[in-house]
Amino acid sequence: MYVNDSCWCCLNYTISSQDLEVKLEELKRILTVPKKTTSLYKRGLISVMDTRPAVVMTGSTLGAFILFLLAAFVIFADLQNFIRKRREET
């Protein structure tokens, strides 16, 4: 390792293991970023429009299918009542 003799910071190159440990712990404390303050975490909490064609098609198809199932359920329930009343009339 190159040590510059004219630089005052490089002249005192030796450091005890305790001092090194203390400095490392202090650096860890200073440089540690809480996860809840990162932009990745914040982006995960909000919903963002996805304009990819495959995603749009999947969402549209799934939405249409769910609406179809709801309509079919209502129509089927009414159709049973309609058929039952028609049979009773005859």
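Bear in mind that the values in this text are calculations on the coordinates, not laboratory data. Only a predicted model underlies this, so the values are computations on that prediction, with no experimental measurement involved. Cβ sites come from the backbone with ideal geometry, for glycine too, and all protein chains shown count toward neighbours.
Summed over qualifying helices (DSSP H, 4 residues or more, each -39500 (n - 2.57)) and divided by its residue number, the chain shows a 222 nm mean residue ellipticity of -23000 deg cm²/dmol. On full extension, the segment bounded by V33 and Q18 gains 2.9 nm, given 0.36 nm per residue less the C-alpha separation.
Projecting the Cα atoms of V48, A71, L27 onto the dipole axis of the chain, where Lys and Arg carry +1 and Asp and Glu carry -1 at the beta carbon, places A71 farthest toward the positive end. Residue-wise HN-Hα couplings along the range 45-55, as the Karplus relation 6.51 cos²θ - 1.76 cosθ + 1.60 with θ = phi - 60° gives them from phi, are 8, 10, 9, 10, 5, 10, 9, 5, x, 5, 5 Hz; Gly and Pro carry x.
Basic side chains Lys and Arg get +1 at the Cβ, acidic Asp and Glu get -1 at the Cβ, and with that the dipole of the range 8-89 about its Cα centre reaches some 300 debye. Neighbours of D19 by Cβ distance under 13 Å: Lys/Arg scored +1, Asp/Glu scored -1, total -2.
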